[in-house]
Amino acid sequence: MLVDTHCHLDFPEFAPELADVVARAEAAGVGTCVSIGTTLAGFPRVCEVAGQFSDVFCYVGIHPHDAGKEPLENAQPLIERAKHTKVVGIGETGLDYYYGHSPREAQIANFRAHIAAARDTCLPLIVHTRDAEDDTIAILREEMGEGAFTGLIHCFTGTQQLADAALDLGFFISASGIMTFKKSDALRSVLQTVPLESLLVETDAPYLAPMPHRGKRNEPAFVVHTAQRLSELKGVETSVLADATSANFFRLFTRAKRPAKA
């Protein structure tokens, strides 16, 4: 069994065939999916989608792109919404300096609020970071000194420095379809150094479809291709990679329930 730890099933791309998308994932051996919160305004829809399927869970959070539109003064709005039975993590949050859709100050403030929520709820933090590694590492280290929390770096595309820092903090690293792309040799070199017990897999659907589906709309069923390429990289059978990454997910996301047939 595989777990797609990060997808956006609430997005309109999936609305006309949502049940079919989930069914295709199950048929491909993806037993659990997690749909991601990117705004508080959109959180009710995220919960609605997760509520339709026994093995779909969700996170609550504000994407760094939306930090300027939904600034947080404290962690309380996240903590309250995290009481929903389908919520298993806090995010996605973090820093994205590449696009600059939100002021850096707002991104940093929201990032710290999400960390506080993760610490308060004992739910894992889901971190997005792009062109902001130094600040991401510094904030995570500083906040960890204020009190422990768990989490992962989602859609990892970073450097060895980021991977090492994340692992030192006890974080997991999640590989997306990007690691299957032909020009991702540097990324594969970093992922090769990550212990199997610290790896997760994801699609980030509808984005970033892995080879051989690159350029198409991504969906949770396609995580099998990422898992296969990652297993080749790690030198293990795909079934071993699937079992390990699924076990890692349920070890980190303790509120998520394993599928009844798993």
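The values are calculated or read from the model by the stated rules, or taken from the named source; none is laboratory data. What you are looking at is a predicted structure, and each value in this text was computed from that prediction instead of being measured. For neighbour counting, all protein chains shown are included, and Cβ atoms are generated from backbone atoms with ideal geometry for every residue, glycine included. These accessible areas exclude ligands, DNA and RNA; they are computed on the full protein's heavy atoms, side chains included. Shrake-Rupley method; radii C 1.70, N 1.55, O 1.52, S 1.80 Å.
Just a few scattered comments:
- Among the trypsin sites (Lys or Arg not before Pro) found in the stretch 67-167, those both in a DSSP coil and sparsely packed, with 14 or fewer other Cβ atoms within 10 Å of their Cβ, are LYS69, LYS83.
- Vicinal HN-Hα couplings computed from phi for the stretch 181-187 (Karplus, 6.51 cos²θ - 1.76 cosθ + 1.60; Hz; Gly/Pro x): 5, 4, 8, 9, 4, 4, 5
- Under 5 Å between amide hydrogens, built in the peptide plane, is the criterion, and for THR203 it picks out THR5, HIS6 among residues at least 5 positions away or on other chains.
- Calculated FRET value between ALA186 and VAL236, using beta carbons and R₀ = 22 Å, to 0.05: 0.50
- Förster radius 30 Å - calculated FRET efficiency between GLU197 and LEU18 (Cβ-Cβ, nearest 0.05): 0.35
- With every protein chain in place, the chain: carbon and sulfur % of accessible area (1.4 Å): 51
- The calculated 222 nm mean residue ellipticity attributable to helices in the chain amounts to -11500 deg cm²/dmol, summing -39500 (n - 2.57) over DSSP H runs of n ≥ 4 and dividing by all residues.
- Across the stretch 212-223, computed HN-Hα scalar couplings (Karplus, 6.51 cos²θ - 1.76 cosθ + 1.60, θ = phi - 60°) run x, 9, 3, x, 9, 5, 7, 7, x, 4, 6, 5 Hz from first to last residue, x flagging Gly and Pro.
- Radius ratio Rg over Rh of the stretch 119-262, counting only Cα atoms, Kirkwood formula for Rh: 0.96
- The order of the peptides 131-139, 253-261 by mean Cβ neighbours within 10 Å, most packed first, is 131-139, 253-261.
- Applying a DSSP loop filter and a limit of 14 other Cβ atoms within 10 Å to the GluC sites (Glu not before Pro) in the stretch 30-111 leaves GLU73.
- Convex hull of Cα atoms in the chain, direction-averaged projection (nm²): 12.3
- The orientation-averaged projection of the convex hull spanning the C-alpha atoms of the stretch 1-156 amounts to 9.0 square nanometres.
- Relative contact order of the stretch 115-258, taken over Cα pairs closer than 8 Å and 6 or more residues apart, is 18 percent.
- Heavy-atom surface of the chain, accessible at 1.4 Å and reported per residue (Å²): 41
- For GLY31, the amide hydrogen comes within under 5 Å of the amide hydrogens of LEU2, counting only partners 5 or more places away or on other chains and with H modelled in the peptide plane.
- In the structure shown, the pairs LYS86/LYS183; LYS234/LYS261; LYS234/LYS257; LYS83/LYS234; LYS69/LYS182 are assessed against 32 Å; a Cα-Cα span above that value is assigned to LYS86/LYS183; LYS83/LYS234; LYS69/LYS182.
- The stretch 105-187 pair-distance distribution - Cα-Cα, 10 Å bins, rounded %: 17, 51, 25, 6, 0
- Debye intensity ratio in log₁₀ form over the Cα atoms of the stretch 84-128, taken at each q of 0.13, 0.17, 0.22 Å⁻¹: -0.30, -0.48, -0.71
- Alpha-carbon Rg/Rh ratio, for the stretch 182-261, with Rh computed the Kirkwood way: 0.97
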